[in-house]
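Please read the structure below before turning to the comments.
What follows draws every value from the coordinates through simple rules; no lab data is involved. Predicted, not measured: the structure shown is a model, and the values here were computed from it. Note that each Cβ is placed from the backbone with ideal geometry, even for glycine, and that neighbours are counted across all protein chains shown.
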Amino acid sequence: MANNIDSTRKVKAVALDFDGVITNLDIDWNAAIRQASEIVGHDIKSLITFYENNFGTPIFQKVSNEMEKIELDTLTTAQASPFIEEFLQKLSEKKVEVYIVSMQSFDVIKKFLEQHGLTGYFKGIIARERCPGKKAQVAFISEETGISPNQVLFVDDSKRNINNCKELGVACFYFQRKQKPRETRDAWNDILSLISGPSRT
């Protein structure tokens, strides 16, 4: 499902979500939320909302550190999404900068990329330690690089994140989580076709 991109805009940067797009982490998030709730002393309904509301505080750091341990444990079995390296190579050939925007920790993402030989394809990683929410992370790319929001393509498996980031004026592509390999390859090709629209010179 796409997308608010048109053939007249030239995409200069692609922002990829991590868990759900680049890989699928095998985490029991209900159990993780219960653990986080025990740490803070009250029920947490959403880790994302918790991170957004408590960014920069000691309790944010304490919960983030415990969640990082859970995330790191999953890297022993986490696999890269099918055909992602071919997709990243094609973006490199097109001189399109690629960023990761994720609510996982920086160290988790960095370790995964190193394990799978993907580090060199990414211009930057914007994780929860730098920005507490996906909208802020995507906005950060434009603020730091000077690339106009309408030249950024955001790829995520959350419709909530897609809808929030559309408000920035970025192009968005909804990536379905846990697809069959053929469907994942088709999704990468769909993204590439949006970047290489027929009206572009």
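Has the stretch 28-45 got any residue that is assigned to a loop (DSSP other than H, G, I, E, B), under 21 Å from L75 (Cα atoms) and of a type in the set (D, E, K, R)? Yes, the stretch 28-45 has at least one match. Could you say whether any residue in the stretch 6-17 is surrounded by 19 or more Cβ atoms within 10 Å (Cβ to Cβ), in contact with a Lys or Arg (Cβ under 8 Å, 6 or more places away or on another chain) and of a type outside the set (V, I, T)? Among the residues of the stretch 6-17, at least one is surrounded by 19 or more Cβ atoms within 10 Å (Cβ to Cβ), in contact with a Lys or Arg (Cβ under 8 Å, 6 or more places away or on another chain) and of a type outside the set (V, I, T), which makes the answer yes.
The set of residues in the stretch 175-185 being under 14 Å from the mean Cα position of the chain (by Cα) and buried (at least 17 other Cβ atoms within 10 Å of the Cβ) consists of F175 alone. Count of the stretch 39-50 residues, restricted to those that are surrounded by fewer than 16 Cβ atoms within 10 Å (Cβ to Cβ) and within 15 Å of I70 (Cα to Cα), is 1. Among the residues of the stretch 64-88, those identified as among the aliphatic types (A, V, I, L, M) and in a helix (DSSP H, G or I) are M67, I70, L72, I84, L88.
Sort out which residues of the stretch 89-138 are of a type in the set (F, W, Y) and assigned to a loop (DSSP other than H, G, I, E, B), and write them in order of number.
Initial filter on the stretch 89-138 (of a type in the set (F, W, Y)): 99, 106, 112, 121-122.
Listed by number, the list holds a single entry, F122.
Looking across the stretch 51-63 at every residue that is in a helix (DSSP H, G or I) and in contact with a Pro (Cβ under 9 Å, 6 or more places away or on another chain), the one that is surrounded by the fewest Cβ atoms within 10 Å (Cβ to Cβ) is identified as N53.
Residues checked against (1) surrounded by fewer than 16 Cβ atoms within 10 Å (Cβ to Cβ); (2) under 30 Å from I39 (Cβ atoms); (3) out of contact with any Phe, Trp or Tyr (no Cβ under 6 Å at 6 or more places or on another chain):
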{"residue": "K69", "(1), (2), (3)": "yes, yes, yes"}
{"residue": "S81", "(1), (2), (3)": "no, no, yes"}
{"residue": "K94", "(1), (2), (3)": "yes, no, yes"}
{"residue": "F106", "(1), (2), (3)": "no, yes, yes"}
{"residue": "R128", "(1), (2), (3)": "no, yes, no"}
{"residue": "E143", "(1), (2), (3)": "yes, no, yes"}
{"residue": "N150", "(1), (2), (3)": "no, no, yes"}
{"residue": "D157", "(1), (2), (3)": "no, yes, no"}
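Whether any residue in the stretch 16-23 is closer than 21 Å to P149 by Cα, touching a residue at least 40 places away in the same chain (Cβ under 8 Å) and not aliphatic (A, V, I, L, M) is what I want to check. Checked against the condition, which is being closer than 21 Å to P149 by Cα, touching a residue at least 40 places away in the same chain (Cβ under 8 Å) and not aliphatic (A, V, I, L, M), the stretch 16-23 yields at least one hit.
So for the stretch 138-151 (the condition being among the hydrophobic types (A, V, I, L, M, F, W, C) and more than 16 Å from the chain's Cα centre (by Cα)), does at least one residue qualify? I'd like the intermediate steps shown before the answer.
First pass over the stretch 138-151, keeping only residues among the hydrophobic types (A, V, I, L, M, F, W, C): 138-141, 147.
When the remaining residues are screened for being more than 16 Å from the chain's Cα centre (by Cα), the result is 147.
Taking every residue of the stretch 138-151 in turn, at least one turns out to be among the hydrophobic types (A, V, I, L, M, F, W, C) and more than 16 Å from the chain's Cα centre (by Cα).
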